[in-house]
Amino acid sequence: MADRAQPHQVQVHRYEPGYKAQQKGPSASKVLAVMTLLPIGGGLLGLSGMTLAGTLIGLAVTTPVFIIFSPVIVPAAIVVGLAMMAFMASGAFGLTGATSVSWVLKYIREATRTMPESLDQAKRRMQDMAGYVGQKTKEVGQEIQRKAHEGK
């Protein structure tokens with residue numbers, strides 16, 4: 001058995017551009033990012049907690065004031081809301097009116113631009129009609145004269 005060749009195992013590693021050798025532990029950039037962001041995140045969390053506490057204290061203090069003055073505050077809020085709605089509606093009506101006037105002016109400008117052509121056409125038709133009526137009148141007058149001469 002000593003004469004037999006022992007099988008060997010061969011490991012093949014491919015080169016891949018994005019492949020990194022396995023590292024033991026986090027990289028320096030990750031450690032630096034955690035050390036930088038931890039105090040900032042903690043500070044922001046503390047500020048949000050203080051803001052919440054201040055909001056709750058302010059609400060606890062002002063709630064009785066709102067309850068006492070609610071007969072005045074609620075109608076005042078309704079009046080302010082209605083006034084704002086009226087202001088917005090008047091603005092919308094004004095914008096609609098301005099747009100309508102602009103459209104009418106544009107329509108009139110377009111109509112007056114083509115008006116001389118239409119006027120020339122109307123003049124020609126009137127002249128043709130006047131000529132036609134004149135010719136018919138002449139023919140009818142001649143016919144009446146002819147009948148009058150026949151009747152004598």
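The values are calculated or read from the model by the stated rules, or taken from the named source; none is laboratory data. These numbers were taken from a predicted model, which means no experiment stands behind them. Every residue, glycine among them, receives a Cβ derived from its backbone with ideal geometry; neighbour counts consider all protein chains shown. SASA here: full protein model, heavy atoms, side chains in, ligands and nucleic acids out. Shrake-Rupley method; radii C 1.70, N 1.55, O 1.52, S 1.80 Å.
Before rounding to the nearest 500, sum -39500 (n - 2.57) across all DSSP H runs of length at least 4 in the chain and divide by the residue total; then give [θ] at 222 nm in deg cm²/dmol.
So the helix-based figure for the chain works out to -31500 deg cm²/dmol.
Which value, in Å² rounded to 10, gives the accessible area of I68 with a 1.4 Å probe and all protein chains present?
120 Å²
Among G41, V79, T114, which residue has its Cα positioned farthest towards the positive end of the charge dipole of the chain, with +1 placed on the Cβ of Lys and Arg, -1 on the Cβ of Asp and Glu, and the dipole taken about the Cα centre?
T114
For a quick check, take a GNM of the chain with Cα springs below 10 Å and name the residue from T62, T112, T137 with the largest mean-square fluctuation.
Per the Cα network of the chain with a 10 Å cutoff, T137 tops the list.
Can you tell me the length gained on complete extension of the stretch Q127 to Y107, counting 0.36 nm per residue apart and subtracting the Cα distance?
Full extension from Q127 to Y107 adds 4.3 nm.
By how many degrees, 0 to 90 and rounded to 10, does the Cα axis of helix 28-151 deviate from the longest principal axis of the chain?
20 degrees
Considering only protein heavy atoms and a 1.4 Å probe, what is the carbon-and-sulfur percentage of the accessible area of segment 58-131?
Percent of accessible area from carbon and sulfur atoms in segment 58-131: 76.
Please compute the length gained on full extension between E117 and T63, using 0.36 nm multiplied by the number of residues separating them and subtracting their Cα-Cα distance.
The E117-T63 span can extend by a further 11.8 nm.
Take a quick pass over segment 57-152 and tell me how many lysine pairs come in under 23 angstrom between Cα atoms, counting only ones 8 or more apart or on separate chains.
So the count of such lysine pairs works out to 5.
If you place +1 on the Cβ of every Lys and Arg, -1 on the Cβ of every Asp and Glu, and leave all else neutral, what size is the dipole of segment 40-125 about its Cα centre, to the nearest 20 Debye?
Here segment 40-125 has a charge dipole of around 600 debye.
So I have (i) 1.02; (ii) 1.23; (iii) 3.32, and one of them is Cα Rg over 2.2 N^0.38 Å calculated from this model. Which one is it?
(iii)
What is the extension gain from A33 to V72, computed as 0.36 nm multiplied by their sequence separation minus the C-alpha to C-alpha distance, in nm to one decimal?
8.6 nm
Could you state how much accessible area L119 has, in square angstrom rounded to the nearest 10, with a 1.4 Å probe and all protein chains kept in place?
Around 90 Å² of this residue is reachable by solvent.
For F93, what accessible surface area do you get with a 1.4 Å probe? Give it in Å², rounded to 10.
Approximately 150 Å² for this residue.
Using the beta-carbon distance between K24 and S48 and R0 = 35 Å, what value does 1/(1 + (r/R0)^6) give for FRET efficiency, to the nearest 0.05?
About 0.40, to the nearest 0.05.
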